[in-house]
Amino acid sequence: MICGSASANIASVLSKQDEMARVRPPKLPATLPWLNTPTPISLVDLKGRVVLLDFWTYGCINCINLMPTLKAIEHKYANALTLIGIHAGKFSAEQSLGNIRHAIAKHNITHPVVVDSDFQLWRAYAIKAWPTLVLIDPDGYIVKQVVGERDLNFLSALIDPLLPQSLPRSPSLTQTLQPQSVLSYPTGIDAHGQQLFIADAGHHRIVITDLDGKFQTIIGQGTPGLRNGRFAETQFNQPHGLLWDGPLKQLYVADTGNHCLRRVDFSTQTVTILAGNGEQNRAIFPHCGLTAQTPLN
């Protein structure tokens with residue numbers, strides 16, 4: 001989807017891997033909708049810092065899979081790097097500001113996001129696929145485009161050589177999102193007798209109520225993580241699907257953010273891992289292994 005001379009120029013220069021690409025990034029228009037920030041952001045104001053642009057859409061599973069890595073990048077390089085999301089929705093529903101706001105809240109995205117519904121920035125940066133990361137050095141030049149899901153080690157190897165010796169003073173562009181409801185994006189439900197089991201994904205926990213909605217038990221600390229143990233000390237990461245096993249008195253949980261299948265044992269009041277090792281499997285070919293040592297996706 002390359003359109004216009006500027007896009008063609010960026011694409012041609014960046015495609016020459018043996019040459020140093022010294023291309024200035026197109027501006028981020030203040031006229032586009034900006035979310036998670038009180039005012040639009042200028043790349044000129046970020047000179048002296050590494051900038052990472054994330055072209056994504058909330059309907060893309062690869063974009064969602066990349067989010068934990070981007071969160072880790074934000075944390076690791078908090079003093080040197082600014083992450084800006086550029087949401088370019090593929091379908092009409094993904095271009096709704098309301099839907100994008102919901103996606104930002106659901107996935108706890110705290111960095112600024114510019115909404116590129118008309119693909120203005122997509123074309124200007126010669127983007128061809130979701131997700132695509134554009135890395136900009138402290139001097140304000142594009143140095144790399146990275147397509148697809150990549151891990152923390154891969155991205156760190158690109159960022160580390162760009163880190164400036166001294167950092168300009170820059171206010172934090174991230175914000176902390178506070179859920180405003182008892183449940184936050186519940187994604188799974190199952191029932192047993194007079195009990196309802198609810199996967200409270202946004203709060204990273206399992207909630208058990210009676211049929212009238214009265215709370216009975218909460219499983220999980222309410223913060224994302226991967227931890228086994230007693231109900232109050234265990235951690236989930238965006239749990240989704242649930243399945244109750246009556247004879248064994250166990251609840252099976254698709255712990256999506258951890259890429260694990262978890263087992264909630266009501267006889268012992270404990271949570272353990274049934275399958276998966278907490279790492280995302282990125283292999284596209286069939287594989288097998290011991291359940292607790294095999295990465296899942």
Worksheet item: Quick check: is even one residue across region 151-165 at pLDDT 95 or above, in a strand (DSSP E or B), over 30 Å from LEU251 (Cβ atoms) and open to solvent by less than 60 Å² (accessible area, probe 1.4 Å)?
Response: no
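Please work out which residue is nearest to VAL114 (Cα to Cα), limiting yourself to region 82-93 and to residues that are more than 15 Å from the chain's Cα centre (by Cα) and surrounded by 19 or more Cβ atoms within 10 Å (Cβ to Cβ).
Here the residue is ALA88.
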Practice prompt. State all residues of region 105-127 that are closer than 21 Å to THR69 by Cα and either modelled with pLDDT under 95 or part of a loop (DSSP other than H, G, I, E, B) (or both); if no residue qualifies, say none.
Written response: ALA105, LYS106, HIS107, ASN108, ILE109, THR110, HIS111, PRO112, ILE127
Worksheet, complete the sentence: Being within 30 Å of GLN165 (Cβ to Cβ) and of a type outside the set (Val, Ile, Thr) narrows LEU97, LEU43, LEU35 down to just LEU43
Item to complete: Take region 61-81 and flag every residue that is under 18 Å from VAL50 (Cα atoms) and either over 9 Å from the mean Cα position of the chain (by Cα) or buried (at least 20 other Cβ atoms within 10 Å of the Cβ) (or both).
Response: LEU70, ALA72, ILE73, GLU74, HIS75, LYS76, TYR77, ALA78, ASN79, ALA80, LEU81
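Are any of the residues in region 125-132 without any contact (Cβ under 8 Å) to a residue 12 or more places away in the chain, over 13 Å from the mean Cα position of the chain (by Cα) and surrounded by fewer than 21 Cβ atoms within 10 Å (Cβ to Cβ)?
no
Taking the residues in region 260-287 that are among the β-branched types (Val, Ile, Thr), open to solvent by 40 Å² or more (accessible area, probe 1.4 Å) and at pLDDT 95 or above as candidates, determine which candidate is farthest from THR69 (Cα to Cα). Spell out the reasoning first.
Kept after step one, since they are among the β-branched types (Val, Ile, Thr), are these residues of region 260-287: 264, 268, 270-273, 284.
Filter once more, so that each one left must be open to solvent by 40 Å² or more (accessible area, probe 1.4 Å): 268, 272-273, 284.
Checking which are at pLDDT 95 or above leaves us with 268, 272-273.
On the way: THR268: 34, THR272: 25, ILE273: 22 Å.
So the residue we want is THR268.
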Fill in: region 229-242, residues that are surrounded by fewer than 17 Cβ atoms within 10 Å (Cβ to Cβ) and closer than 14 Å to THR256 by Cβ
HIS240, GLY241
Worksheet, complete the sentence: Picking from ALA292, ALA201, ALA254, the residue that is among the small types (Gly, Ala, Ser) and modelled with pLDDT of 95 or more would be ALA254
Worksheet item: Can you name every residue in region 219-228 that is open to solvent by less than 70 Å² (accessible area, probe 1.4 Å), within 16 Å of THR187 (Cα to Cα) and of a type outside the set (Gly, Ala, Ser)?
Response: ILE219
Worksheet item: Residues GLY257, GLY246, GLY213, GLY229: which one is touching a residue at least 40 places away in the same chain (Cβ under 8 Å), out of contact with any strand residue (DSSP E or B) (no Cβ under 6 Å at 6 or more places or on another chain) and farther than 29 Å from LEU70 by Cα?
Response: GLY246
Practice prompt. Filter region 195-207 down to residues that are among the polar types (S, T, N, Q) and buried (at least 20 other Cβ atoms within 10 Å of the Cβ), then give me how many there are.
Written response: 0
Worksheet item: Residues of region 180-194 being crowded, with 17+ Cβ neighbours inside 10 Å and more than 14 Å from GLY241 (Cα to Cα), which ones?
Response: SER184
Fill in: Subset of region 51-94 (residues that are in a helix (DSSP H, G or I) and not hydrophobic (A, V, I, L, M, F, W, C))
ASN62, ASN65, PRO68, THR69, LYS71, GLU74, HIS75, LYS76, SER92, GLU94
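The values are calculated or read from the model by the stated rules, or taken from the named source; none is laboratory data. Computed from a prediction, not measured in an experiment: that's the story for all the values here. FYI the Cβ positions are ideal-geometry reconstructions off the backbone, even for glycines, and counts take in every protein chain you see. To get the accessible areas, we keep the full protein, side chains included, count just its heavy atoms, and leave off ligands, DNA and RNA. Shrake-Rupley method; radii C 1.70, N 1.55, O 1.52, S 1.80 Å.
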